[in-house]
1. What GluC sites (Glu not before Pro) in the range 225-328 are in a loop by DSSP, with at most 15 other Cβ atoms within 10 Å of the Cβ?
2. What number do you get for the range 162-218 when its Cα radius of gyration is normalised by 2.2 N^0.38 Å, N = residues?
3. Report, to two decimal places, the Cα Rg of the range 159-356 normalised by 2.2 N^0.38 Å (N = number of residues).
4. Over the Cα atoms of the range 181-263, how large are the radius of gyration and the largest Cα-Cα distance (Dmax), in Å?
5. Using only the Cα atoms of the range 88-156, what do you get for the radius of gyration and for Dmax, in Å?
6. With viscosity set to 1.002 mPa s at 20 °C, what whole-number translational diffusion coefficient in µm²/s follows for the range 266-318 from Stokes-Einstein and a Kirkwood radius over Cα pairs?
7. Taking a temperature of 4 °C and a viscosity of 1.567 mPa s, what whole-number D in µm²/s does Stokes-Einstein yield for the range 116-257 with Rh from Kirkwood over alpha carbon pairs?
8. Within the range 133-185, list the GluC sites (Glu not before Pro) lying in a DSSP loop whose Cβ has at most 12 other Cβ atoms in a 10 Å radius.
Amino acid sequence: MRFNLALRMRLLVSPAVLPALVAVLAALLVVTLSGCASGPQQSSNAEMSFDEFQNRYSDDSDLDSVNQQILSMAVNSNSPDGVYRLGPGDEITVNVFGVEELSGNYRIDGMGRVSLPLIGSVEISGYTLSEAEQVLETRFGTEYLRNPQINVSVMEFRSQQFTAVGAVSQPRVYNTERQITLVEALAMAGGLTSNAGNTIQLTDRVRDPETGELGTRSLIIEVEDLTKQGFEYNVILGDSAVINVPPAGSIFVEGAVQRPGVYQARGETTVLKAITMAGGLKFEADKSGLRVLRREPETGEWAQQYVQMDEIRESPLQDLQLNDGDIVMVERGAVKTAWVGFWRGLSGLVFLGFRPLTP
């Protein structure tokens, strides 16, 4: 109990009543002081218990440690020129050995293509310099030149962009003069905020390492793996990269649903509720091919559990309750090979799919 000694009201008290009023105030003061000196009191909503304070301090300390590791990795991150991949806006020099008429400077257009004499438009975005040389040598050698030798170099680098959203300190669009890694991007965005979850979602445009096809890549990377497992998870950002750090309590819905993405878990979120939040199943969805991917806290390994759509609709008791960071995967018909990338040996990096771009 507190007393405001600077009263803003004027009290009209007669001299006869004043001694009694002073006595009452003194008694109340004694009671208040004795109550404060007694044993621990039940804390009110405005107060914070010791356990709550300790938990908050621990969380803030952990967050500071994570951000410090991100900053340290960003400073020590090496992005050698050998891994630079061409993209829209780059100006390149193409030197065809022995054929000066075909050599010159060319600008890669917004579609990632470059127009060259004889062979016309060539898709070149997403390739390294050596890969681009092989593509051009193949195109020229097919019809026009015998065993062409081509050298490609970058005259002017484009201004790359990436977008950071979610639980980062400074969410916005960033411009860089070179390709950067995921850790560098997080450091530029000011690190993680106190409500950040345990995962990072990255969506960008890269070439499929198996087919060479340009498409959209979707990755989910554990924050702990990114900061503690070295540079294995510190991928280089592709074109049009979007880094999303979902807040704690988020779940992921991917595959044959209307609106795949990250959703905030509210109350007891089950598989059926998560699919509903994602707009429901698509026509090609396999109702028997629902999987829940969950990382075991004890081992750090990913485990999967199959769920039957018909069963959870008929019996809510069969529905699986989701935890923070769980991933609901909906297969597309019988073609389950599209998601083989889930089990490529990286326990903390989940490959959610590669969707080729339509021309």
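1. Sites meeting the loop and neighbour criteria: Glu268, Glu284, Glu298, Glu301.
2. Ratio of Cα Rg to 2.2 N^0.38 Å: 1.28.
3. Relative to the 2.2 N^0.38 Å estimate, the range 159-356 comes out at 1.02.
4. Both quantities, over Cα of the range 181-263: 13.4, 40 Å.
5. Every Cα atom of the range 88-156 included, Rg and Dmax give 10.9, 31 Å.
6. For these conditions, the coefficient is 172 µm²/s.
7. Rounded, D is 75 µm²/s.
8. Counting only loop positions with at most 12 other Cβ atoms within 10 Å, the GluC sites (Glu not before Pro) in the range 133-185 are Glu177.
Taken together, the values in this text are just the output of simple stated rules run on the coordinates, not laboratory data. From a predicted model like this one, the values you see are computed outputs, not experimental measurements. Neighbour counts run over all protein chains shown; Cβ positions are idealised from the backbone, glycine included.
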